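So the structure is just underneath, and the comments pick up after that.
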Protein chains: 2
Amino acid sequence: MPYFDAASSLPLHPVARQALLAALDEGWADPTRLHREGRRARLLLDAAREAASEAVGCRSDELVFTPSGTRSLHTGIAGALAGRRRAGRALVVSAVEHSAVLHAAEAHEAGGGTVVRVPVDRTGRVEAAAFGAALRESRSPEGGTALACLQSANHEVGTEQPVEEVAEACAGAGVPLLVDAAQSLAWGPVPGRWSLLAASAHKWGGPGGVGLLAVRKGVRFAPPPPADERESGRSPGFADLPAIVAAAASLRAVRAEADAEAARLRALVDRVRAEVPALVPDVEVVGDPVRRLPHVVTFSCLYVDGEALLHALDRAGFSVSSGSSCTSSTLVPSHVLRAMGVLSEGNVRVSLPPGTAGADVDAFLAVLPEAVREVRDRLRAPAAAVSAPAAADGADAADTADTADTADTADTADTADTADGGENDGPEAADPGREAALTVDSRGKRCPIPVIELAKVIDRVPVGGTVLLLADDEAARLDVPAWCEMRGHEYLGVRGHAHRVRRTA
Amino acid sequence: MPYFDAASSLPLHPVARQALLAALDEGWADPTRLHREGRRARLLLDAAREAASEAVGCRSDELVFTPSGTRSLHTGIAGALAGRRRAGRALVVSAVEHSAVLHAAEAHEAGGGTVVRVPVDRTGRVEAAAFGAALRESRSPEGGTALACLQSANHEVGTEQPVEEVAEACAGAGVPLLVDAAQSLAWGPVPGRWSLLAASAHKWGGPGGVGLLAVRKGVRFAPPPPADERESGRSPGFADLPAIVAAAASLRAVRAEADAEAARLRALVDRVRAEVPALVPDVEVVGDPVRRLPHVVTFSCLYVDGEALLHALDRAGFSVSSGSSCTSSTLVPSHVLRAMGVLSEGNVRVSLPPGTAGADVDAFLAVLPEAVREVRDRLRAPAAAVSAPAAADGADAADTADTADTADTADTADTADTADGGENDGPEAADPGREAALTVDSRGKRCPIPVIELAKVIDRVPVGGTVLLLADDEAARLDVPAWCEMRGHEYLGVRGHAHRVRRTA
């Protein structure tokens, strides 16, 4: 049963398991105590710190263990911001950081700080020059930039960031750079002159509950209160020492296999990247094709419900994840896909664990087209409430009656405008409803239904004519323009919940 | 090799080990994911939450897992203070709470909040009425009391606190009570109408890295930022699920054995409490003899260096801990002993793990007198620089020459006064140096040397005469008065570093 969600969490590496079991008998005491059990625990902790810091590429007294990568990020960001408070209160981050970074940034804003989010291109990559400019130009009321954060590689689409160049820019600007290395540390140390680094053991086959936080000597750092004596005052509380031992041991082990395994998985991912668009119609493979993690590939499927596809693949024996908004755990599409401006519906992230066999990837490629077709077939039934000029298709209307929107036809565009205060995202969106030849009301419907309903009516307007799509699902802002680009129609913009599309093909 | 530091951390309970191993294969995936590995992890997490909440005595949706008892306390205190900010900003705690609570209280003060520390009696117990009065009377600039914290039992001396009565007082005052149940949860649920509860798995034989935080429905609670989706937003980051499973399973297991084991250990501790003072001269057994944890007993030995005694016992095969300031990990005596006002030098905490054999306790009692004698013999050599009227003992002076204080004789009391701003702790301390017949300069010397030097000269003054002891070790403030009480001399007070003692016996 192939598990293709390595970027989320990995099973315990055999070396981690072995080290964990070995440490259970010696690693339960408090390492700060002076008795023999405490001293033994201390030795284990010291050895784990030595091993982990060597793999990170820092001094052992620069590295502490935390309870998770998220806690490493929270503490690293709060500590560096507090330590550099006199330098200013601006925090520069990329728009595609892990939510732990973005949530820490929101907390900083809530506390009166300033946050600058550097945009990414369509592959999910920040431009080093733009990041550098943001560093220099960011101004908070109290001064300049206190801290910059950049991931080594994106967790959803695998795109590598220009960490080394950004680190140089940061060094030039006198701003410490915190690198979120959660996705890449298994593959090698982070290059360049970074100042802080965070990572998480369960991403490389270590146990859950272990994060790393490195803070280079010389970086001003004030750990967030309350005070605590453990881990240089940077991670309060009694730690799970056997888990720490297992984390350090497995990091060394995966590093020993990293180069060979990276090359092998890279080839498998290249195959997925090449074959998925050939096997499945209307697919957008996203992320940088070359400057990327070896094991991650992400694609989105038009007219597909991400959660339904995930379940279909799960039934077929493949575990993947999805950044679509149409999964039960979230109501908005992934912020990464949004920042990239790519299709979010039917989104699938395939992340191969070390050891994935080529045959497993073959099996996935064999199963995927049918799984997508199955979901599309099921979704093709519902249709929009079409206002004019063509009459609504009776069968379609009946299928969507449960949303109770079929009677809403006249003046819906104006209603939508009023409700949303006239947000204007498009070049011609000043009054998107004015010339529409056809209005489709998809409000109350979740992705990918609005796009499907749009697709079903576009041929009912003449070339040059427009369709007004009313859709209050957040994903529509991403998926309607993406659909237009894939289909060659012109996206005229959105106002409130009213998207206007011109048929050009 | 008996390990008598159970209150610090316990070896993994066999049930915990078994559960941990069983969960390693199923509990590594992200429980928020929709695939089968995620669903399996979710089932384990849900089952662990059910089991743990049953043992705590709360609803399962009131309980979250955190990375440690310390984090539970930090989050519980910060979340309750923030949630009740409109009620006021006063926090009421006992003076003998765990350092995690006191550090959180300091953080609250640093943020502009008010903290009231309720004193304890000589057994380490708060009086419920005094706690209740503090609740009602505490005023912060923004209003009244937001939160109260009380441990179920003290971690250093084992004294149980009147949690049930204090909970009633809190309920009456409309103030939520957070109970730190770290030391008692293994023995049974915390009685009474508490609002929040924190605990730590490694204290009951679960793994490190697992804390519990219960927040009763209806308690206003605003988790400290940054936001995170996991554990009801109350504990960010990917958790160590196998450790959580092991924690919950072992809590059930130790509870099944708790009553019988408590009775057995209580009898063993009673033996230690009775026999130590008979076997070792000049010992003070501290803590409540009856209202106490079943497995903890603490005593302090006059003229003994706590760290040296700990090492002597360690060499003899017994692992204990110490709240003395003369241990390498700390420079001040334990805040618990200070709050109780008892002797802190030569402090030993014996905390018996479940299963401790009577023979192990016998062996400890057989070894202890010789260990104490050994340390005392070694310490008897150094002596004070005695100013007048007796000449300094040449041999003693040579032994203490490394402190380079022997020449400091005249006017040292005044120097000490100036340096410390004239703090005045005693009834007659207005000018403690004035009538002293003898001055002993023990500055720069650590406990128990100042008390030993005092003891060596007291007979050189006539009955009714006074000794002025100059001692800048923090422990002297506790140990000099305690010595006076044990020896029947009169402690006249301290000013700066100058303690005045009148020989009465």
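The values are calculated or read from the model by the stated rules, or taken from the named source; none is laboratory data. Not measured: the values here are computed from a predicted model. Please note: Cβ atoms are built from the backbone with ideal geometry, for glycine as well, and neighbour counts cover all protein chains shown. Each accessible area value is taken on the protein alone, full model and side chains, heavy atoms only, with ligands, DNA and RNA left out. Shrake-Rupley method; radii C 1.70, N 1.55, O 1.52, S 1.80 Å.
What is the ratio of the Cα radius of gyration of segment B:192-277 to 2.2 N^0.38 Å, with N the residue count, to two decimals?
The reported ratio for this selection is 1.48.
In whole Hz, what ³J(HN,Hα) sequence does segment B:273-286 give by Karplus (6.51, -1.76, 1.60; θ = phi - 60°), x for Gly and Pro?
Result, rounded to whole Hz: 4, 7, 8, 4, x, 6, 8, 10, x, 6, 10, 10, 7, 10.
For chains B and A, what's the summed buried accessible area, probe 1.4 Å, to the nearest 100 square angstrom?
Counting protein atoms only, the buried area is about 4700 Å².
I'd like the antiparallel share, as a percent to the nearest 5, of DSSP beta bridges with both residues in segment B:156-303.
Around 75 percent of the beta bridges assigned by DSSP in segment B:156-303 are antiparallel ones.
Using only alpha carbon pairs under 8 Å that are at least six residues apart, calculate the relative contact order of segment A:256-380 and give it in whole percent.
Computed value for segment A:256-380: 29 percent relative contact order.
Can you tell me the order of A:238-246, A:352-360 when each peptide is scored by its average per-residue count of other Cβ atoms within 10 angstrom, highest first?
A:238-246, A:352-360
For the protein assembly as shown, would you read off the P(r) tail past 58 Å as a percentage of all alpha carbon pairs?
Here the tail beyond 58 Å accounts for 21 percent of pairs.
Of the accessible area of the protein assembly as shown, with the probe set at 1.4 angstrom, what percent is carbon plus sulfur?
Answer for the protein assembly as shown is 52 percent, counting heavy atoms of protein chains only.
Considering protein heavy atoms only and a 1.4 Å probe radius, which residues within segment B:67-99 exhibit an accessible-area decrease of no less than 50 Å² in the full assembly relative to the chain by itself?
The answer is B:Arg71, B:His74 - residues whose exposure falls by at least 50 Å² when every protein chain is included.
Whole number in Å², please: accessible area per residue of segment A:14-254, 1.4 Å probe, ligands, DNA and RNA not counted.
33
From the C-alpha gyration tensor of segment B:94-238, pull out the three semi-axes of the equivalent ellipsoid (sqrt of 5λ each), sorted largest to smallest, in whole Å.
In descending order the semi-axes read 23, 21, 14 Å.
Starting from a label point 7 Å past Cα on the Cβ side, list the distances from B:Arg36 to the same position in the other copies, nm, shortest first.
4.8
Please give the residues from segment A:25-58 for which the solvent-accessible area of heavy atoms, probe 1.4 Å, is smaller by at least 50 Å² with all protein chains in place than with the chain isolated.
A:Trp28, A:Arg33, A:Leu34, A:His35, A:Arg36
Which distances, shortest first and in nm, link A:Ala47 to the matching position in the other copies, using label points set 7 Å out along Cα to C-beta?
Ordered by distance, the counterparts are at 3.3 nm.
For B:Lys456, B:Lys217, give the ranking by accessible area with the largest first, probe 1.4 Å.
Putting B:Lys456, B:Lys217 in descending order of accessible area: B:Lys217, B:Lys456.
Run the reach check for A:Lys445 against lysines, Cα to Cα strictly under 24 Å, same-chain hits fewer than 8 apart removed. What comes back?
A:Lys456
In segment A:238-252, which residues give up 50 Å² or more of accessible area once the other protein chains are added, compared with their chain alone (1.4 Å probe)?
Buried-area filter returns A:Phe238, A:Asp240.
Principal axes first, then extents: for the Cα atoms of segment B:255-380, list largest minus smallest coordinate on each axis, whole Å, largest first.
46, 31, 26
Please work out the ratio of the alpha-carbon Rg of chain B to 2.2 N^0.38 Å and round it to two decimals.
1.08
Taking the Cα centre of the protein assembly as shown as origin, work out the dipole magnitude from +1 charges on Lys and Arg Cβ and -1 charges on Asp and Glu Cβ, in debye rounded to 20.
Here the size comes out at about 320 debye.
In whole Hz, with x marking every Gly and Pro, tabulate ³J(HN,Hα) for segment B:154-166 from phi via Karplus 6.51 cos²θ - 1.76 cosθ + 1.60, θ = phi - 60°.
Ordered by residue, 3J(HN,Hα) equals 6, 7, 9, 10, x, 4, 7, 9, x, 4, 5, 5, 5 Hz.
List, shortest first and in nm to one decimal, how far the label point of A:Ala260 (7 Å from Cα along Cα→Cβ) is from its counterparts in the other copies.
Shortest to longest, the spacings are 5.4 nm.
Averaging sequence separations of C-alpha pairs under 8 Å and six or more residues apart, then dividing by the length of chain B, give the relative contact order as a whole percent.
Relative contact order comes out at 15 percent.
Which whole number gives the average count of other chain Cβ atoms within 10 Å of the Cβ atoms across peptide B:456-464?
Per residue, the average neighbour count from other chains is 0.
Tell me the mean residue ellipticity at 222 nm calculated for chain B from its helices only (DSSP H runs of n ≥ 4, each -39500 (n - 2.57), averaged over every residue, nearest 500).
Roughly -12500 deg cm²/dmol at 222 nm, from the helical runs in chain B.
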